[in-house]
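Every number here is computed from the coordinates shown, using simple stated rules; none is lab data. Because the structure is predicted, anything quoted here is derived from the model rather than measured. Methodologically, a virtual Cβ is constructed for each residue, glycine included, from the backbone with ideal geometry; neighbour enumeration extends over all protein chains shown.
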Amino acid sequence: MKILVCISHVPDTTSKINFTENDSKFDSTGVQYVINPYDEFVLTRAMWFKEKQGATVTVVNVGNVGTEPTLRKALAIGADDAIRVNTEATDGFAVAKELAEVVKNGGYDLILAGKESIDYNGGMVPGMLAAILDYNFVNACIGLEVEGDKAIISREIDGGKEVLSSNLPLIIAGQKGIVEEKDLRIPNMRGIMMARKKPLTVLEPTTGEVTTSIVSFEKPAAKSACKMIDAENVDELINLLHNEAKVI
Amino acid sequence: MSVLVYAETSEGKFKKSAFEVTSYGKKVAEQLGTNVVVLAINSSDNSLLYKYGAEKILNVANDTLKTFNAKIYANVIKQAAEREKSEIIIIDSNSNGLYLAPLVAVNLNAGYTSNVIALPTSTSPFTVKRKSFSSKAFSNTQITTEVKVLSLSKNSFGLVENEVSGSIENFEPVVVESNLKSDSIQQTSGKVTIADADIVVSGGRGLKGPENWGMIEELADVLGAATACSKPVSDLGWRPHSEHVGQTGKPVASNLYIAVGISGAIQHLAGINSSKVKVVINTDPEAPFFKAADYGIVGDAFNVVPKLIEKLKEFKSNNA
Ligand SMILES: Cc1cc2nc3c(=O)[nH]c(=O)nc-3n(C[C@H](O)[C@H](O)[C@H](O)COP(=O)(O)OP(=O)(O)OC[C@H]3O[C@@H](n4cnc5c(N)ncnc54)[C@H](O)[C@@H]3O)c2cc1C
Ligand SMILES: Nc1ncnc2c1ncn2[C@@H]1O[C@H](COP(=O)(O)O)[C@@H](O)[C@H]1O
């Protein structure tokens with residue numbers, strides 16, 4: 001089985017979010033970039049298929065050269081090789097188009113992505129990729145088993161879960177549940193050394209077609225101070241929630 | 001041209017979000033000087049949509065659409081959009097909506113923007129404000145294609161009554177094939193889900209152990225709320241993963257979020273920033289959560305929560 005894991009390169013979850021150039025660009029000064037947490041879950045699942053079922057695992061990112069350390073980290077975790085499509089990722093559709101080229105040329109059986117990137121929270125790339133390729137697709141995946149060319153997938157739905165079955169090829173947008181937190185791997189020294197020698201292929205973009213663009217960013221208005229209520233006076237809280245906030 | 005809204009049903013009944021997207025769609029249509037058309041699949045009472053401005057309802061009654069399949073549904077929405085010459089398609093942010101929307105966009109060669117929180121700030125160029133960076137910021141995004149797909153962030157626009165005397169047309173879409181099969185659906189019955197809840201009561205590690213969740217559930221019960229938890233709580237197995245909220249868990253966009261024994265780490269706040277009113281109960285006056293809260297009580301949950309339950313019961317019986 002050939003697996004492709006789509007890796008989005010995002011600011012670490014603790015990053016301060018600021019903007020520059022008249023609020024038109026994300027300010028990456030001092031920001032640590034990491035593998036998108038959802039992608040880390042699916043990458044870990046891919047490692048399981050590699051170790052238990054002999055799958056090969058390629059990781060891919062659409063981005064400029066600055067994303068290579070993130071791809072190397074994925075290689076250090078255990079992916080076999082990496083592809084970077086050399087273009088600034090600004091629009092989900094453009095990214096999906098580039099990924100579709102990679103998938104067509106590579107003949108992958110299983111394409112794993114995350115449910116969303118935690119920076120722009122688009123939640124669009126995996127679904128668009130599936131629609132472009134007309135591949136089966138499951139979103140918000142919380143469980144995945146593959147036997148031969150058949151997959152059993154669990155997906156989270158509002159207030160429960162749905163179990164689906166599909167043939168390969170298949171595209172998955174995963175989240176926690178596909179593996180657990182404790183299964184996530186931190187690259188060790190040996191992994192990091194090996195990653196340096198693993199192939200990282202740079203491809204030039206093919207399309208450049210965009211459908212959306214960000215004009216500017218804003219930060220939420222400053223919050224007014226929290227009203228403190230005495231622990232002995234919960235009636236006051238109920239009163240405020242009822243008469244002031246009008247939420248109960 | 002028109003604005004098309006997809007109004008999701010569950011077992012024949014509209015979800016609350018269906019009324020929210022209809023309210024929103026009506027206003028967008030007004031901005032554009034056109035009409036709103038609402039697509040309803042297997043709904044038992046379409047007339048409920050008139051109250052929120054549905055000028056025209058496309059009614060689809062089809063047994064093969066009883067089970068949701070994203071590809072098939074996306075194709076039905078595409079057909080409806082083509083039939084109605086819709087340039088704007090509006091979808092909710094439920095699990096099915098988020099699954100569908102990117103597929104609909106590609107089917108229609110449309111640009112797609114998720115997490116939209118307000119009416120377009122400009123219709124030409126078409127610009128909308130959306131949440132990004134896990135609600136730590138907003139981005140004003142232009143969609144440059146002729147057809148546009150938006151998914152509306154839950155509880156961001158609200159329900160806006162706008163009674164119209166609309167019309168219903170039956171619509172019989174072609175149902176495409178899909179070999180992705182739904183084998184079973186397991187619903188945790190009888191509980192309010194985090195996605196649908198107006199109020200969410202959430203517990204953190206400050207509650208010490210799973211055995212202490214009785215009071216969280218009782219508080220939720222009194223308020224008709226859903227229960228949630230912080231990430232370590234679900235990692236420790238005290239609560240199911242489906243309750244984990246935050247940056248890497250579920251987003252919460254309720255009217256009221258009550259956090260008990262949660263410190264308010266940045267990753268937790270990222271998931272609940274969009275809740276309108278936040279109440280924090282924590283023993284530590286320095287807990288970062290107080291900075292993000294509207295109302296706070298410095299106190300021991302084991303003392304405050306039972307009192308709050310008792311007083312809320314009194315309040316409910318007086319206001320029933
Ligand atoms: C990549 C990444 C992603 C993450 N994603 C998420 C996420 O999505 N969601 C999430 O929640 N976290 C997430 N976290 C974890 C986050 O950083 C915090 O560790 C976590 O939110 C803390 O949970 P907590 O507040 O329940 O526990 P703690 O930080 O241990 O806080 C417990 C709180 O309870 C209070 N307390 C103690 N006893 C009592 C009492 N008797 N009564 C009242 N209060 C009491 C304490 O004062 C303290 O403030 C993530 C972390 C990382 C690194
Ligand atoms: N630039 C990118 N390169 C590779 N994969 C990406 C990229 N952007 C998004 N993805 C994948 O698509 C998922 C959803 O991202 P998004 O649609 O941006 O929210 C991510 O979790 C990744 O798996």
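The table below lists the values:
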{"read-out": "Choice from B:I117, B:I297, B:I272 showing the highest fluctuation, given a GNM over chain B with Cα pairs closer than 10 Å", "value": "B:I297"}
{"read-out": "Distance in nm between pseudo-label sites at A:M193 and B:E169 (7 Å out along the Cβ direction from Cα)", "value": "7.0"}
{"read-out": "For the protein assembly as shown, with +1 on Lys and Arg beta carbons and -1 on Asp and Glu, the positive-most of A:V95, B:A74, B:Y257 along the dipole", "value": "A:V95"}
{"read-out": "Convex hull of Cα atoms in region B:271-320, direction-averaged projection (nm²)", "value": "4.3"}
{"read-out": "FRET efficiency, 1/(1 + (r/R0)^6) with R0 45 Å, evaluated for A:T207 and A:E180 via beta carbons", "value": "0.75"}
{"read-out": "Hits among aspartates and glutamates - C-alpha to C-alpha of B:K148 under 13 Å, sequence gap 8 or more where chains match", "value": "B:E82, B:E87"}
{"read-out": "Gaussian network model of chain B, springs between alpha carbon atoms under 10 Å - residue of B:V222, B:V104, B:V116 with greatest fluctuation", "value": "B:V222"}
{"read-out": "Restraint check, B:K15/B:K129; B:K208/B:K278; A:K50/B:K208; B:K15/B:K316, Cα-Cα greater than 29 Å", "value": "A:K50/B:K208"}
{"read-out": "Whole-Hz ³J(HN,Hα) from phi, Karplus 6.51 cos²θ - 1.76 cosθ + 1.60, for region B:260-268, glycine and proline x", "value": "10, x, 10, 6, x, 4, 3, 6, 6"}
{"read-out": "Angstrom value of the Kirkwood radius, inverse mean 1/r, which spans all Cα pairs in the protein assembly as shown", "value": "24.4"}
{"read-out": "For B:N62, distant residues with modelled amide H under 5 Å away", "value": "B:N42"}
{"read-out": "Value at 222 nm in deg cm²/dmol, rounded to 500, when DSSP H runs of n ≥ 4 in the protein assembly as shown each add -39,500 (n - 2.57)", "value": "-8500 deg cm²/dmol"}
{"read-out": "Charge tally in the Cβ shell below 12 Å around B:L180, where Lys, Arg are +1 and Asp, Glu are -1, B:L180 excluded", "value": "0"}
{"read-out": "Violating pairs (Cα-Cα greater than 30 angstrom) within the set A:K197/B:K231; B:K231/B:K276; A:K73/B:K291; A:K219/B:K154", "value": "A:K197/B:K231; A:K73/B:K291"}
{"read-out": "Within the protein assembly as shown: Cβ-based charge dipole about Cα centre, in debye rounded to nearest 20 (Lys, Arg +1; Asp, Glu -1)", "value": "820"}
{"read-out": "Overall form of region A:2-217 per C-alpha gyration tensor (a/c, 1.5; a/b vs b/c)", "value": "rounded"}
{"read-out": "Modelled FRET efficiency - R0 35 Å, B:S44 with B:E211, Cβ distances, 0.05 increments", "value": "0.25"}
